[in-house]
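S.K.: The following block contains the structure, expressed as structure tokens.
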There are 2 protein chains.
Amino acid sequence: MELLEEVVFPLLGGGSPWGAEDATLLDFPSGKLALTTDSFVVQPLFFPGGDIGKLAVCGTVNDLAMRGAKPLFLTLGLILEEGLPLETLRRVLRSAANWAREAGVQIVAGDTKVVGRGQADGLYINTAGVGVVKEGLQVGISRAEPGDLLVINGYLGDHEVAVLSCRDGLELKVQVSSDCAPLSSLVETMLSAGRVHAMRDPTRGGLASVLTEMAVASAVALEIWEERVPVREEVRAACEVLGLDPFLMANEGKVVAAVHPDDADRILMAMRSHSLGGESAIIGEVREGRPGEVVLVTSLGSRRLLRMPSGEQFPRIC
Amino acid sequence: MELLEEVVFPLLGGGSPWGAEDATLLDFPSGKLALTTDSFVVQPLFFPGGDIGKLAVCGTVNDLAMRGAKPLFLTLGLILEEGLPLETLRRVLRSAANWAREAGVQIVAGDTKVVGRGQADGLYINTAGVGVVKEGLQVGISRAEPGDLLVINGYLGDHEVAVLSCRDGLELKVQVSSDCAPLSSLVETMLSAGRVHAMRDPTRGGLASVLTEMAVASAVALEIWEERVPVREEVRAACEVLGLDPFLMANEGKVVAAVHPDDADRILMAMRSHSLGGESAIIGEVREGRPGEVVLVTSLGSRRLLRMPSGEQFPRIC
């Protein structure tokens with residue numbers, strides 16, 4: 001209790017936002033309610049471009065945004081290891097509060113549990129998110145249609161390379177920041193600019209995973225044009241050193257969307273004018289064809305099936 | 001991903017309730033939205049009368065019920081230690097699914113993360129809950145009024161003694177089961193029977209903590225009649241052996257409520273006719289007086305201030 005009142009609450013905006021009552025009561029606007037949850041166990045807790053607090057807020061905000069929901073409320077569950085420096089907790093909470101403000105969401109309920117030394121590796125965070133979807137708006141992973149174009153808002157793989165670059169034993173001499181960011185405002189811009197059918201954020205499992213999930217759920221084939229997919233030189237180089245594939249690398253501030261072809265240019269322009277979409281690109285197309293198949297057209301013009309993650313990814317990148 | 005589809009989903013009612021999409025869309029009835037979250041780190045994972053899965057569902061359902069909310073939806077975030085036997089996970093999920101059904105809530109969103117050996121002590125669960133409060137219903141910790149009577153639905157301390165009885169090194173030869181249970185149906189019964197002003201479930205910190213919180217939040221004094229407070233002989237004996245106070249022991253299926261004195265008998269009768277309220281009792285009264293003060297009138301007629309937990313409680317009881 002003291003932890004909540006003396007450390008947590010002041011950093012989340014003062015007062016006692018979720019102190020006295022067991023549940024928080026909220027007005028809810030009309031529309032569908034969107035609900036999601038995610039746990040965060042990233043190691044290290046701080047990495048170039050982010051930290052576990054920022055990640056916990058952005059990850060859940062982004063999951064809501066992918067359904068076309070406006071994120072409204074977050075809950076925050078903290079599992080803290082005994083002996084965690086209070087200053088570490090403070091930094092993480094300050095970051096979570098800042099990014100919640102930035103994303104326009106309120107952290108309205110929370111909880112802390114303390115476990116013994118060696119039982120939580122610093123701290124773990126669970127966030128659940130509540131958002132609202134405007135009546136009539138239908139965006140979903142199963143709604144991609146043949147003819148749709150696929151757009152992405154920038155470089156692949158920055159998050160995973162940034163986290164790996166801090167790991168002991170990995171000889172990565174790269175300066176890459178995580179792309180971790182709340183995508184809700186970018187998504188709002190996209191929805192205003194034209195018809196978005198399906199959206200996903202390529203986190204764990206990377207672009208290859210979400211494209212495959214989209215192809216399966218929508219019963220379509222996807223064609224991806226390799227040379228159009230934005231990947232930084234540093235990320236490409238790091239992937240080569242580690243034997244990794246940028247298409248499988250985790251991102252925390254990217255959205256890939258299947259959009260109506262007539263609106264694709266307008267959506268692309270809107271994305272490029274947004275601070276999180278300067279490097280946006282059209283990277284492929286939805287096709288009729290074998291449902292669930294994702295074909296990569298390489299820079300040399302050859303065609304191959306996009307490789308799926310084999311479960312051999314580095315752990316604890318989010 | 002395989003973990004979700006092959007292990008988690010089948011046990012939570014089949015299909016892929018939260019598989020393909022990042023967030024789940026739900027119809028929400030009119031009224032206030034209630035939101036809460038809790039993490040569960042209980043050790044051992046299985047104890048007499050419950051397990052971490054049942055606890056995670058009941059704990060969050062109960063937090064919603066304490067605001068007068070009807071629990072509707074839960075999210076489930078699992079942090080799993082590498083090497084956790086799959087059968088353990090299955091037992092926990094089966095239990096969570098059963099108790100969600102029992103409590104009338106749907107588990108609609110979830111997530112799994114795996115951390116290395118020695119980094120999660122088996123598994124941790126975070127649940128967040130969404131409920132709805134009927135327009136006009138006002139129940140809250142700050143609404144206790146002088147004259148109100150205090151009711152509880154049965155024996156104190158069963159949960160904490162049940163968990164402690166499984167711990168190595170504690171020589172407790174008692175057979176007590178945890179009282180872990182979803183309180184939503186009992187609370188509905190109480191709300192139908194009369195005017196309930198304030199409710200809390202005395203979990204971590206016990207009855208003493210929630211009474212103090214109620215007295216402070218409502219700016220009233222409380223008088224508790226010790227001999228009316230139901231405590232099992234086995235629990236009283238175990239507390240004596242361990243030097244613990246039943247008023248500070250955690251419960252997971254108890255509610256203490258401040259109710260209008262004219263309705264107290266009717267509410268008490270309704271509680272006693274409910275399967276979770278057979279031993280319900282009126283244990284005290286709300287008084288004007290020093291705000292925040294909780295006075296215990298002992299069996300011998302003496303009066304003393306109720307002792308608050310000193311932070312020396314056994315850890316990981318929920």
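The values are calculated or read from the model by the stated rules, or taken from the named source; none is laboratory data. The structure presented is a predicted model; accordingly, all values stated were derived computationally and were not measured. Virtual Cβ from ideal backbone geometry, glycine too; neighbours counted across all protein chains shown. Ligands, DNA and RNA are stripped out before the accessible areas are found, and what is left, the full protein with its side chains, is counted by its heavy atoms. Shrake-Rupley method; radii C 1.70, N 1.55, O 1.52, S 1.80 Å.
S.K.: The conditions are (1) surrounded by 14 or more Cβ atoms within 10 Å (Cβ to Cβ); (2) outside any strand (DSSP E or B); (3) in contact (Cβ under 8 Å) with a residue 12 or more places away in the chain, and B:Val286 fails exactly one of them. Which is it?
M.R.: (2)
S.K.: With respect to B:Lys70, is the statement that it is out of contact with any Pro (no Cβ under 8 Å at 6 or more places or on another chain) and facing chain A (nearest Cβ under 10 Å) true? So that I can check it myself, show each step before the final result.
M.R.: Values: out of contact with any Pro (no Cβ under 8 Å at 6 or more places or on another chain): yes; facing chain A (nearest Cβ under 10 Å): no.
For B:Lys70, the condition - out of contact with any Pro (no Cβ under 8 Å at 6 or more places or on another chain) and facing chain A (nearest Cβ under 10 Å) - is not met.
S.K.: Touching a helix residue (DSSP H, G or I) at 6+ places or on another chain (Cβ under 9 Å), in a loop (DSSP other than H, G, I, E, B) and either assigned by TED's automatic domain parsing to the domain that holds B:Ser184 or open to solvent by 20 Å² or more (accessible area, probe 1.4 Å) (or both): is that true of B:Gly253 in this structure? Let's see the steps before the verdict.
M.R.: Numbers: touching a helix residue (DSSP H, G or I) at 6+ places or on another chain (Cβ under 9 Å): yes; in a loop (DSSP other than H, G, I, E, B): yes; either assigned by TED's automatic domain parsing to the domain that holds B:Ser184 or open to solvent by 20 Å² or more (accessible area, probe 1.4 Å) (or both): yes.
Yes; evaluated as a whole, the condition is true for this residue.
S.K.: Turning to a different aspect of this structure: For the subset of segment A:292-318 comprising residues that are within 14 Å of chain B (Cβ to nearest Cβ) and over 30 Å from A:Gly122 (Cα atoms), which member is farthest from the chain's Cα centre (by Cα)? It would help to see each step written out before you state the result.
M.R.: Of the residues in segment A:292-318, the ones within 14 Å of chain B (Cβ to nearest Cβ) are A:292, A:308-318.
Filter once more, so that each one left must be over 30 Å from A:Gly122 (Cα atoms): A:292, A:308.
Working: A:Gly292: 23, A:Met308: 19 Å.
Per the criteria, the residue is A:Gly292.
S.K.: Pick from A:Ala128, A:Ala162: which is touching a Gly at 6+ places or on another chain (Cβ under 9 Å), open to solvent by less than 20 Å² (accessible area, probe 1.4 Å) and either on the phi > 0 side of the Ramachandran plot or assigned by TED's automatic domain parsing to the domain that holds A:Val256 (or both)? If you could, list the steps in order and put the result at the bottom.
M.R.: On the way: A:Ala128 fails: either on the phi > 0 side of the Ramachandran plot or assigned by TED's automatic domain parsing to the domain that holds A:Val256 (or both).
After applying the criteria, what remains is A:Ala162.
S.K.: Among the residues of segment A:101-116, is there at least one that is surrounded by 21 or more Cβ atoms within 10 Å (Cβ to Cβ), under 15 Å from the mean Cα position of the chain (by Cα) and among the hydrophobic types (A, V, I, L, M, F, W, C)? Can you show your working first?
M.R.: Let us first name the residues in segment A:101-116 that are surrounded by 21 or more Cβ atoms within 10 Å (Cβ to Cβ), namely A:103, A:105, A:107-111, A:113, A:115.
Applying the additional criterion that residues be under 15 Å from the mean Cα position of the chain (by Cα) yields A:103.
With among the hydrophobic types (A, V, I, L, M, F, W, C) added as a condition, the list becomes A:103.
So far as segment A:101-116 goes, yes, one or more of its residues are surrounded by 21 or more Cβ atoms within 10 Å (Cβ to Cβ), under 15 Å from the mean Cα position of the chain (by Cα) and among the hydrophobic types (A, V, I, L, M, F, W, C).
S.K.: Still on this model: Collect the residues in segment B:90-123 that are out of contact with any helix residue (DSSP H, G or I) (no Cβ under 8 Å at 6 or more places or on another chain) and either more than 7 Å from chain A (Cβ to nearest Cβ) or farther than 22 Å from A:Leu26 by Cβ (or both), keeping them in residue-number order.
M.R.: Step one: list which residues in segment B:90-123 are out of contact with any helix residue (DSSP H, G or I) (no Cβ under 8 Å at 6 or more places or on another chain), which gives B:101-102, B:108-109, B:111, B:113, B:115-121.
Result: B:Arg101, B:Glu102, B:Asp111, B:Lys113, B:Val115, B:Gly116, B:Arg117, B:Gly118, B:Gln119, B:Ala120, B:Asp121.
S.K.: Could you look through segment A:47-67, keep only residues that are touching a helix residue (DSSP H, G or I) at 6+ places or on another chain (Cβ under 8 Å) and at the interface with chain B (Cβ under 7 Å from one of its Cβ atoms), and pick out the one that is nearest to A:Leu35 (Cα to Cα)?
M.R.: A:Leu64
S.K.: Could we say that B:Leu248 is open to solvent by 10 Å² or more (accessible area, probe 1.4 Å), within 14 Å of another protein chain (Cβ to nearest Cβ) and under 27 Å from B:Ser185 (Cα atoms) here? Don't jump to the end; show me each part of the working.
M.R.: Working: open to solvent by 10 Å² or more (accessible area, probe 1.4 Å): yes; within 14 Å of another protein chain (Cβ to nearest Cβ): yes; under 27 Å from B:Ser185 (Cα atoms): yes.
So B:Leu248 fits the description; yes.
S.K.: Taking the stated definitions as given, is A:Glu87 more than 7 Å from chain B (Cβ to nearest Cβ) and open to solvent by 50 Å² or more (accessible area, probe 1.4 Å)? Give the derivation first.
M.R.: Details: more than 7 Å from chain B (Cβ to nearest Cβ): yes; open to solvent by 50 Å² or more (accessible area, probe 1.4 Å): yes.
Against the criterion (more than 7 Å from chain B (Cβ to nearest Cβ) and open to solvent by 50 Å² or more (accessible area, probe 1.4 Å)), A:Glu87 qualifies.
S.K.: While we're on this one: Consider B:Leu172 against the criteria (1) open to solvent by 10 Å² or more (accessible area, probe 1.4 Å); (2) closer than 19 Å to B:Met271 by Cα: it satisfies all of them except one. Which criterion is unmet?
M.R.: (2) is the only condition that B:Leu172 fails.
S.K.: Return the total of residues in segment B:107-130 being at pLDDT 95 or above and over 22 Å from A:Thr112 (Cβ atoms).
M.R.: The total comes to 0.
S.K.: Next question. Being aliphatic (A, V, I, L, M) and within 25 Å of B:Arg316 (Cβ to Cβ) is the filter here, so list the residues in segment B:237-275 that pass it.
M.R.: Kept after step one, since they are aliphatic (A, V, I, L, M), are these residues of segment B:237-275: B:237-238, B:241-242, B:244, B:248-250, B:255-259, B:264, B:267-271.
B:Ala237, B:Ala238, B:Val241, B:Leu242, B:Leu244, B:Leu248, B:Met249, B:Ala250, B:Val255, B:Val256, listed by residue number.
S.K.: Which ones in segment A:241-250 are part of a helix (DSSP H, G or I) and not aromatic (Phe, Trp, Tyr)?
M.R.: Going residue by residue through segment A:241-250, those that are part of a helix (DSSP H, G or I) are A:241-242, A:246-248.
Scanning segment A:241-250 gives A:Val241, A:Leu242, A:Pro246, A:Leu248.
S.K.: Report whether or not A:Gly157 is at pLDDT 95 or above and assigned by TED's automatic domain parsing to the domain that holds A:Val216.
M.R.: Details: at pLDDT 95 or above: yes; assigned by TED's automatic domain parsing to the domain that holds A:Val216: yes.
Judged against the criteria, A:Gly157 is a match.
S.K.: Within segment B:208-224, is there a residue that is charged (D, E, K, R), within 25 Å of B:Pro309 (Cα to Cα) and over 12 Å from the mean Cα position of the chain (by Cα)? Can you show your working first?
M.R.: Kept after step one, since they are charged (D, E, K, R), are these residues of segment B:208-224: B:213, B:223.
Now drop any that are not within 25 Å of B:Pro309 (Cα to Cα), which leaves B:213, B:223.
With the extra rule that they be over 12 Å from the mean Cα position of the chain (by Cα), the set shrinks to B:213, B:223.
Yes: segment B:208-224 contains one or more residues that are charged (D, E, K, R), within 25 Å of B:Pro309 (Cα to Cα) and over 12 Å from the mean Cα position of the chain (by Cα).
S.K.: So, in segment A:264-274, how many residues would count as being open to solvent by 10 Å² or more (accessible area, probe 1.4 Å), out of contact with any Asp or Glu (no Cβ under 9 Å at 6 or more places or on another chain) and in a helix (DSSP H, G or I)? Don't jump to the end; show me each part of the working.
M.R.: Taking segment A:264-274 and keeping what is open to solvent by 10 Å² or more (accessible area, probe 1.4 Å), we get A:265-266, A:268-270, A:272-274.
Filter once more, so that each one left must be out of contact with any Asp or Glu (no Cβ under 9 Å at 6 or more places or on another chain): A:265-266, A:268-270, A:273-274.
With the extra rule that they be in a helix (DSSP H, G or I), the set shrinks to A:265-266, A:268-270.
Result for segment A:264-274: 5.
S.K.: Further, regarding this structure: What are the residues in segment A:110-139 that are in contact with a Lys or Arg (Cβ under 7 Å, 6 or more places away or on another chain) and in contact (Cβ under 8 Å) with a residue 40 or more places away in the chain, if any? Even if it seems obvious, please write down each step before you answer.
M.R.: Here is the first cut: in segment A:110-139, the residues in contact with a Lys or Arg (Cβ under 7 Å, 6 or more places away or on another chain) are A:115, A:131-133, A:139.
A:Gly131, A:Val132, A:Val133, A:Val139, listed by residue number.
S.K.: Right, something else. Please find, among B:Leu45, B:Leu55, the residue that is out of contact with any Lys or Arg (no Cβ under 7 Å at 6 or more places or on another chain), open to solvent by less than 10 Å² (accessible area, probe 1.4 Å) and outside the structural domain of B:Ser218 (by TED's automatic domain parsing).
M.R.: Values: B:Leu45 fails: open to solvent by less than 10 Å² (accessible area, probe 1.4 Å).
Answer to the check: B:Leu55.
S.K.: Assess whether A:Leu78 counts as being surrounded by 24 or more Cβ atoms within 10 Å (Cβ to Cβ), at pLDDT 95 or above and within 9 Å of chain B (Cβ to nearest Cβ).
M.R.: Working: surrounded by 24 or more Cβ atoms within 10 Å (Cβ to Cβ): yes; at pLDDT 95 or above: yes; within 9 Å of chain B (Cβ to nearest Cβ): yes.
In short, yes.
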